[in-house]
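Beneath this line is the structure, given in structure tokens, with notes to follow.
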Amino acid sequence: MADLQIINVSKSYGAVEVLRDVNLSIASGEFVVFVGPSGCGKSTLLRMISGLEEAPTGEIRLEGKVVNRVDPAKRGVAMVFQSYALYPHMTAFQNMAFSLTMAREPKAVIKEKVGRAAAILRLERLLDRRPGELSGGQKQRVAIGRAIVREPKVFLFDEPLSNLDTELRVQMRAELIQLHAKLGTTMIYVTHDQVEAMTLADKMVVMNGGIIQQHGTPLGLYDDPDNKFVAGFIGSPKMNFIKAKVEAVRTDAITLSDLGGCSRLELPFRNFDADIREVELGVRTEHIDIAQDAGTTDILAAKVAFVEELGDVTFIHTDLPTGERLVVRSSKARHRGSSTECFVKLDPAGVLLFGTNGERIRSA
Amino acid sequence: MTTDVGLIRTAAPGYALDLSIWTVLKWTVAICVAVVAVFPIIWMINVVFAEPGVPVSINPRLLPTSLSAGIAKIDTILSETSYLHAYYISITYSLLTIAGVLLIGSMAAFEFALFEFPGKRPMFVIVMLSLMVPTAVTLIPTYLLTANLGWLNTMQGLVVPGLASAFGLFMLIQFMRTIPREMIEAARLDGASHFQIYRHIALPMSKNALVTLAILIFMQTWGNFIWPLIVAPSPQMYTVGQVVGLFNAPFSHVTVDIVMAANLLAALPPLIFFLLFQRKIVEGIAMSGSKG
Amino acid sequence: MFDKKHIPHLLMVFPFLALFAVFFLYPIVSGFVYSFYDWNATTTSRFVGLANYQRIVHSRDFSKAMWNLGSYIIITVPVGIAVAFCLALLVDSFKGFWQNFFRSIFFMPVVLPMFLAATIWRWIYTPNIGLLNTTRGFFGLPSVQFLNDTSTMLYSLIAVDVWVSAGFNMVIILAGMKNIPRQYYEAARLDGASKLQEIFYITIPMLYPVLFFVTTYGVISALQVFDTPWLLTGSSFSQYGGRQNALLFPVMDMMGRGFGELKFGQAAAYGFILTTVIVSVTAVMFALRKKGHQP
Ligand SMILES: Nc1ncnc2c1ncn2[C@@H]1O[C@H](COP(=O)(O)OP(=O)(O)OP(=O)(O)O)[C@@H](O)[C@H]1O
Ligand SMILES: [Mg+2]
């Protein structure tokens, strides 16, 4: 049980700045997930928390104490690696017992602690096997067991499931949720799979280019992203973005024009900054519908590019005359016919506005 | 399509005939080469295990004729010369060299392969450049240094100058590079000290490379002729190689069969080693060759 | 910016580097210094400048040794590698057990210590009663003094040398052959290439780096040849090189000057001359390889 604060942490390798001014506060017992595209600095941040990577600037506080200069082994953090990093010449038991052996714990204590971790992870029958004789999922469990045995204050996971197949990944995800419930320990988890992030996280931290873009609950980020990057990164299929001009601004509504060429849209909005002339609309697929005909000005004409029919849901990919791609989610019925021309209608309640710099423009 | 079938049908018997001629030829050549390769060794064995006074070369036989005569000759050599002592020296020399090279080589390889530290690049480059320097150039100055240290005719004089083996280091570095960085980091998080990581992770994981290197060093020290010749010229420190050299000297007044018995005794350890570890030896050489 | 955290790393490399410095770097430097001194075991040393170098280069033994070395390398390296290559092809044409079997058998001579191989061969070469000469006698041919007739001595040495080294090179070439992707051969077969064409158009070009390695390595070790000719001839510091110095080679000459005549200054200088030769030859070989690689 430990809380963690990261204050003004930056990191560069030579001239390359990998992390910039990271500030983050993690409460005790929280399950925090770092997500972001490859190379955005997630692993680096995690490794700085573990102490494997130095944190030359800023502070990392664990339970209130600054740990920047504390040896990784003494911080009370345990890490599970993407490649499992199991010692190939040791049995599962010896792997899990390694930290205790290094600490010269008595044999009985080692046996008891490893036994307990093995029971939690249902590994009892596999303890005599070497990593080469274990399946991917079993290896991952041993790696987690090795972390549990150390009774750490914080668990760190670096893409622990990315080497598993989809089915096993779903299963291990469920097991991790149970494990977290059982142990109640603070866990920090890195992934670039946003579905994994959404299902696991109490708190989700979205990173890009070495900067924390936004953090909060998964649904909080889904519904109310701070910027275009977060909006686009979370959710599958991606949020649609359409450029538009601001035609008229009133106190509690604005009118947008030139959507997809020539459509108009009336949006309820308070205190819009009248200086902004151009915006970008973000609309998730579920907030767009196929309309019957071009009846009103808020309906956009589009061309069906292709259709993904998944049974329960259908994604209709359409191209606007401006060349923008608009994906429509339709769960009502299977796609009707193969008409290449269609009409789409945006739901104003689901439209988010972004400035040309990518920042969100919120209604006050 | 029909023409195709016809072609195959007519071509097949000729091809099969071709194949069998090729096979016969190949086996003949292989067996001849094999005979040439092992003949001197078999001849040596034949000369030893034959009644004395009948030079085998005059009456070539394929198989040894007298086990007891051979044993008697070996017994003569072991009891009437200091061959056993030379054996002891050679074995000690080999074992100490192996232990030393493996220990200090693996320690240095561990650092060079897996960590960064100041001066690493230049040190590494210098050591690797030394692989290009012929032994001829260092031989005499090293001998003089060893002499100045008062190590002539001592075991340390034989062993210590050969311990910093750049070849051994290179081979171990190549191998240890394949240890994933995450493995080292996991051990570090598990509370292992730097030395413990070396001892409990890197060493056991490099077992194969260490064994291969040990075998290669054994072959090399056992066959090393020139260094013992100059640094340990006293009969007290004769290695097997030197003793064999004496037996073979032109005016040694020893009969062929006794000489061959001495040679056989010298050949035995590497031959046995080879029979036991042939895969490792061959692969070790192939590895160091195709990567070097 | 030295940091305490580097100490464990430096401690671990220290034993190696210390020994390396003492028994490799120091000898090289001191050898270089010695080479400018008239230095032998009895008298005090005296700086003589380049005199040692001049004396060596102008000596008859040196020219003889260099001449021998040249003829030796020109024959032994190509022959050795050609034999090794054919052996590798031969072994490669077998499968499973027999492949391993022949590979091990052909490799056997490498396992014998060099000093043994040489002495066994000396007995094989012995006049009248030696194995080769008895065989010749069997066919009514006169006995040949293989190691004492200047017209055969070099070839006798080369035969031993090829016998000893073929297995070593074969194993390396074989490993290289195994690394050639199968598709190349399959593609060639579809194009109707014969076995011989496969060897010339696929195997040899694909083996280029390996063949380069064995050639370079072969040349470098041939330049340092010592054990075999030493043991085939007198094998003592008072007698070596054979009749008319037909088997005198530079390293032997160097050793003789050092340990036979106790002229260590000259021996050290000899070492540097040799090193210069070896390094230049290696450099030329690498340069040729670079050139060969350019389209
Ligand atoms: N030792 C290093 N030296 C130089 N640059 C590095 C080093 N380690 C990481 N980087 C760089 O730092 C950036 C962040 O790397 P990091 O491993 O944290 O990314 P990541 O978010 O974990 O990516 P992924 O999802 O692919 O694992 C990358 O651009 C990477 O190239
Ligand atoms: Mg990463």
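Filter the range C:105-135 down to the residues that are in a loop (DSSP other than H, G, I, E, B) and open to solvent by 10 Å² or more (accessible area, probe 1.4 Å) and list them by number.
Correct list: C:T126, C:P127, C:N128, C:I129.
Among the residues that make up the range B:183-198, is at least one of them open to solvent by 30 Å² or more (accessible area, probe 1.4 Å) and in contact (Cβ under 8 Å) with a residue 12 or more places away in the chain?
Looking through the range B:183-198, none of the residues is open to solvent by 30 Å² or more (accessible area, probe 1.4 Å) and in contact (Cβ under 8 Å) with a residue 12 or more places away in the chain.
Sort out which residues of the range A:78-116 are in contact with a Gly (Cβ under 8 Å, 6 or more places away or on another chain), free of Cβ contacts under 8 Å to residues at least 40 places away in the same chain and surrounded by fewer than 18 Cβ atoms within 10 Å (Cβ to Cβ), and write them in order of number.
Within the range A:78-116, A:M102, A:A103 meet the criteria.
Considering only residues that are touching a residue at least 24 places away in the same chain (Cβ under 8 Å) and assigned to a loop (DSSP other than H, G, I, E, B), which ones fall in the range B:228-285?
Within the range B:228-285, B:A232, B:P233, B:S234, B:Y238, B:T239, B:T255 meet the criteria.
Can you list the helices (runs of 4 or more DSSP H) lying wholly within the range C:1-71 that have 1 or more residues being away from every other protein chain (no Cβ under 13 Å) and of a type in the set (D, E, K, R)?
On the way: elements: C:7-20, C:26-34, C:51-58.
Per the criteria, C:51-58.
I'd like to check something: does the range A:178-201 contain any residue that is among the small types (G, A, S), touching a residue at least 40 places away in the same chain (Cβ under 8 Å) and within 13 Å of ligand 1 (Cβ to nearest atom)? Before the answer, list the steps.
Start the filter on the range A:178-201 by keeping residues that are among the small types (G, A, S), which leaves A:181, A:184, A:197, A:201.
Among the residues that remain, those that are also touching a residue at least 40 places away in the same chain (Cβ under 8 Å) are: A:184, A:197, A:201.
This time we only want the ones that are within 13 Å of ligand 1 (Cβ to nearest atom), so: A:197.
Checked the range A:178-201: at least one residue is among the small types (G, A, S), touching a residue at least 40 places away in the same chain (Cβ under 8 Å) and within 13 Å of ligand 1 (Cβ to nearest atom).
Out of (1) in contact (Cβ under 8 Å) with a residue 40 or more places away in the chain; (2) part of a helix (DSSP H, G or I), what's the single condition that is false for C:L147?
Exception for C:L147: condition (2).
Looking at this structure, is A:V22 more than 14 Å from every other protein chain (Cβ to nearest Cβ) and within 13 Å of ligand 1 (Cβ to nearest atom)?
Taking the combined requirement at face value, the residue satisfies it.
Restricting the range A:177-199 to residues that are crowded, with 23+ Cβ neighbours inside 10 Å and away from ligand 2 (no atom under 16 Å from the Cβ), which is farthest from A:G137 (Cα to Cα)?
So, considering only residues that are crowded, with 23+ Cβ neighbours inside 10 Å and away from ligand 2 (no atom under 16 Å from the Cβ), the one farthest from A:G137 (Cα to Cα) is A:T186.
Of (1) modelled with pLDDT of 85 or more; (2) exposed (fewer than 14 other Cβ atoms within 10 Å of the Cβ); (3) more than 30 Å from C:F47 (Cβ to Cβ); (4) within 11 Å of another protein chain (Cβ to nearest Cβ), C:A287 satisfies all except one. Which?
Only one criterion is unmet by C:A287, namely (4).
Check whether at least one residue in the range A:120-132 is crowded, with 19+ Cβ neighbours inside 10 Å, free of Cβ contacts under 8 Å to residues at least 40 places away in the same chain and within 16 Å of ligand 1 (Cβ to nearest atom), and report yes or no.
So far as the range A:120-132 goes, no, none of its residues is crowded, with 19+ Cβ neighbours inside 10 Å, free of Cβ contacts under 8 Å to residues at least 40 places away in the same chain and within 16 Å of ligand 1 (Cβ to nearest atom).
Of the residues that sit in the range A:30-50 and are near ligand 1 (Cβ under 6 Å from one of its atoms) and within 14 Å of chain B (Cβ to nearest Cβ), which one is farthest from A:Y189 (Cα to Cα)?
Within the range A:30-50, the match that is farthest from A:Y189 (Cα to Cα) is A:T44.
Name the single residue that is nearest to the chain's Cα centre (by Cα) among those in the range C:50-76 being under 22 Å from B:T142 (Cα atoms) and open to solvent by less than 80 Å² (accessible area, probe 1.4 Å). I'd like the intermediate steps shown before the answer.
Keep residues of the range C:50-76 that are under 22 Å from B:T142 (Cα atoms), which gives C:50, C:52-53, C:56.
With the extra rule that they be open to solvent by less than 80 Å² (accessible area, probe 1.4 Å), the set shrinks to C:52-53, C:56.
Values: C:N52: 26, C:Y53: 24, C:I56: 22 Å.
The selected residue is C:I56.
Can you name the condition, by its number, that A:A27 falls short on among (1) away from ligand 2 (no atom under 15 Å from the Cβ); (2) within 14 Å of chain B (Cβ to nearest Cβ)?
(2)
Is it the case that B:L158 is surrounded by fewer than 20 Cβ atoms within 10 Å (Cβ to Cβ) and part of a helix (DSSP H, G or I)? Can you show your working first?
Working: surrounded by fewer than 20 Cβ atoms within 10 Å (Cβ to Cβ): no; part of a helix (DSSP H, G or I): yes.
No, not satisfied.
Which condition from (1) within 16 Å of ligand 1 (Cβ to nearest atom); (2) open to solvent by 60 Å² or more (accessible area, probe 1.4 Å); (3) not aromatic (F, W, Y) is the one that A:T166 breaks?
(1)
Considering the range C:241-277 alone, what residues qualify as being among the β-branched types (V, I, T) and surrounded by fewer than 23 Cβ atoms within 10 Å (Cβ to Cβ)?
Those that are among the β-branched types (V, I, T) and surrounded by fewer than 23 Cβ atoms within 10 Å (Cβ to Cβ): C:I273, C:T275, C:T276, C:V277.
So which residues in the range A:79-94 are away from ligand 1 (no atom under 16 Å from the Cβ) and more than 7 Å from chain B (Cβ to nearest Cβ)?
Within the range A:79-94, A:L86, A:M90, A:T91, A:A92, A:F93, A:Q94 meet the criteria.
With the requirement that a residue be buried (at least 17 other Cβ atoms within 10 Å of the Cβ) and at pLDDT 90 or above, what does the range B:125-142 give you?
Within the range B:125-142, just B:T142 meets the criteria.
Just one of the numbered conditions (1) surrounded by 16 or more Cβ atoms within 10 Å (Cβ to Cβ); (2) within 14 Å of chain B (Cβ to nearest Cβ) is not true of C:S238; which one?
(1)
Do you know which residues across the range B:127-142 are assigned to a helix (DSSP H, G or I) and more than 8 Å from chain C (Cβ to nearest Cβ)?
So in the range B:127-142, the residues assigned to a helix (DSSP H, G or I) come out as B:127-130, B:135-142.
Scanning the range B:127-142 gives B:M128, B:L129.
The values are calculated or read from the model by the stated rules, or taken from the named source; none is laboratory data. Values in this document were obtained by computation on a predicted structure and should not be read as measured data. Cβ sites come from the backbone with ideal geometry, for glycine too, and all protein chains shown count toward neighbours. Heavy atoms of the whole protein, side chains included, go into the accessibility calculation; ligands, DNA and RNA do not. Shrake-Rupley method; radii C 1.70, N 1.55, O 1.52, S 1.80 Å.
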